[in-house]
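Take a look at the structure set out below.
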Amino acid sequence: MITKELLDRINFLARKKRNEGLSPEETAEQKKLYGIYLSAIRGQVTDLLDSIEFVDETKKNSDKKKFLQQAMINLERVYH
């Protein structure tokens with residue numbers, strides 16, 4: 001779950017990284033927090049896509065799976 005505290009800490013570490021750099025412990029923490037954040041976002045996207053139903057009878061679930069895979073790839077590009 002994405003909480004305000006999680007976002008605040010991620011943002012704090014990002015600002016610190018830009019301004020003065022991070023210690024190895026902070027870098028590890030940042031990586032862990034990014035993992036938690038991305039996992040939550042993936043869950044939200046998956047839940048949203050699972051609720052979508054195609055109206056066109058010719059479309060199959062494979063289209064939904066392809067879209068989900070592309071969305072996950074795009075999320076990875078944005079955050080790494």
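The values are calculated or read from the model by the stated rules, or taken from the named source; none is laboratory data. The shown structure was predicted, so the numbers you read here are calculated from the model rather than taken from an experiment. Each accessible area value is taken on the protein alone, full model and side chains, heavy atoms only, with ligands, DNA and RNA left out. Shrake-Rupley method; radii C 1.70, N 1.55, O 1.52, S 1.80 Å.
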Between K66 and R18, 0.36 nm times their residue separation minus their Cα-Cα distance comes to what?
-> 13.7 nm
Per residue, how much accessible area does the stretch 1-56 have with a 1.4 Å probe, in Å²?
-> 75 Å²
